[in-house]
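> Let me begin by handing over the structure; questions about it come next.
The values are calculated or read from the model by the stated rules, or taken from the named source; none is laboratory data. Since the structure is predicted, the reported quantities are computational estimates derived from the model, not experimental observations. Here the Cβ positions follow ideal geometry from the backbone for every residue, glycine too, while neighbour counts run over all protein chains shown. Just the protein is used for accessible areas: all its heavy atoms, side chains included, with ligands, DNA and RNA removed. Shrake-Rupley method; radii C 1.70, N 1.55, O 1.52, S 1.80 Å.
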Amino acid sequence: MKPLALSKVYQLLEPGPVVLLTTARKGRANVMTMSWHMMVEFEPPLVACVVSAANHSFAGLRAGRECVIAIPARRLAAKVVKVGNSSGRDIDKFEAFGLTPLPASRVAPPLIAECFANLECRVKDTRLVGAYNLFILEVLAAWSDPAQKNPKTIHHRGYGSFVVDGPVIRLKSRMR
């Protein structure tokens, strides 16, 4: 073993696929790129996510207490990065990057038509928002696009580096 720079730890414990988070505030939808999230409960499904207070979406999530987690496949990677490199304070990201908002069934923020899955969420717990910008979200409804077969997700490795899902392996487990 040899020492590893602490700045590299994120690359080892990357939390999951890069997703798009939609919010709505004052009648205007916004979308941001997010890679700091993780499942924290099976049923009801709970997701923990970090949204920086510096992000335009933070105010929308905090005030509206609702969002959609839209999961893009690899083919959207370039758009996902462009969304992440811009601010909803300055532009309408849906229009600028050719993303199609669809009405959600249980929340005000929109689904994203181009994504292979969309999770409608409400904020369940904000106790760690002040200290860590950590929101706990409850998934209220989930949608998938049957036309997108075997989508491959993208995963952020830090500093503009990404990896794509690889082959599926099956191993014995007591859990289904």
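> Which residue pairs have Cβ atoms closer than 9 Å, lie 6 or more positions apart in sequence or on different chains, and pair a first residue in region 3-20 that is free of Cβ contacts under 8 Å to residues at least 40 places away in the same chain and of a type outside the set (A, V, I, L, M) with a second residue that is open to solvent by 50 Å² or more (accessible area, probe 1.4 Å) and part of a helix (DSSP H, G or I)?
none
> Counting only residues that are in contact (Cβ under 8 Å) with a residue 12 or more places away in the chain, closer than 30 Å to S7 by Cβ and of a type in the set (A, V, I, L, M), how many does region 124-146 have?
Within region 124-146, the first condition is being in contact (Cβ under 8 Å) with a residue 12 or more places away in the chain, and the residues that meet it are 124, 126, 129, 132-145.
Subset that is closer than 30 Å to S7 by Cβ: 126, 129, 132-137.
After this cut, where a residue has to be of a type in the set (A, V, I, L, M) as well, the list is 129, 134, 136-137.
Number satisfying all stated conditions: 4.
> So V40 fits all but one of (1) in a strand (DSSP E or B); (2) in contact with a Gly (Cβ under 8 Å, 6 or more places away or on another chain); what number is the exception?
Result: V40 passes all but (2).
> Taking S105 as the residue in question, decide whether it is open to solvent by less than 10 Å² (accessible area, probe 1.4 Å) and of a type in the set (S, T, N, Q).
Criteria not met by S105.
> Output the number of the condition that L111 fails; it satisfies all remaining conditions of (1) closer than 24 Å to N85 by Cα; (2) surrounded by fewer than 13 Cβ atoms within 10 Å (Cβ to Cβ); (3) of a type outside the set (S, T, Y).
(2)
> Let me ask something else. For C67, work out the one condition from (1) farther than 26 Å from K149 by Cα; (2) crowded, with 17+ Cβ neighbours inside 10 Å; (3) in contact (Cβ under 8 Å) with a residue 60 or more places away in the chain it doesn't fulfil.
(1)
> In addition: Can you pull out every residue in region 12-23 that is closer than 18 Å to A142 by Cα and either hydrophobic (A, V, I, L, M, F, W, C) or open to solvent by 30 Å² or more (accessible area, probe 1.4 Å) (or both)?
Those that are closer than 18 Å to A142 by Cα and either hydrophobic (A, V, I, L, M, F, W, C) or open to solvent by 30 Å² or more (accessible area, probe 1.4 Å) (or both): P17, V18, V19, L20, L21.
> Of the conditions (1) in contact (Cβ under 8 Å) with a residue 60 or more places away in the chain; (2) open to solvent by 60 Å² or more (accessible area, probe 1.4 Å); (3) over 18 Å from E66 (Cα atoms), K149 fails just one. Which one is it?
(1)
> Which residues, counting only those in region 117-133, are more than 15 Å from L20 (Cβ to Cβ), touching a Leu at 6+ places or on another chain (Cβ under 7 Å) and open to solvent by less than 40 Å² (accessible area, probe 1.4 Å)?
V123
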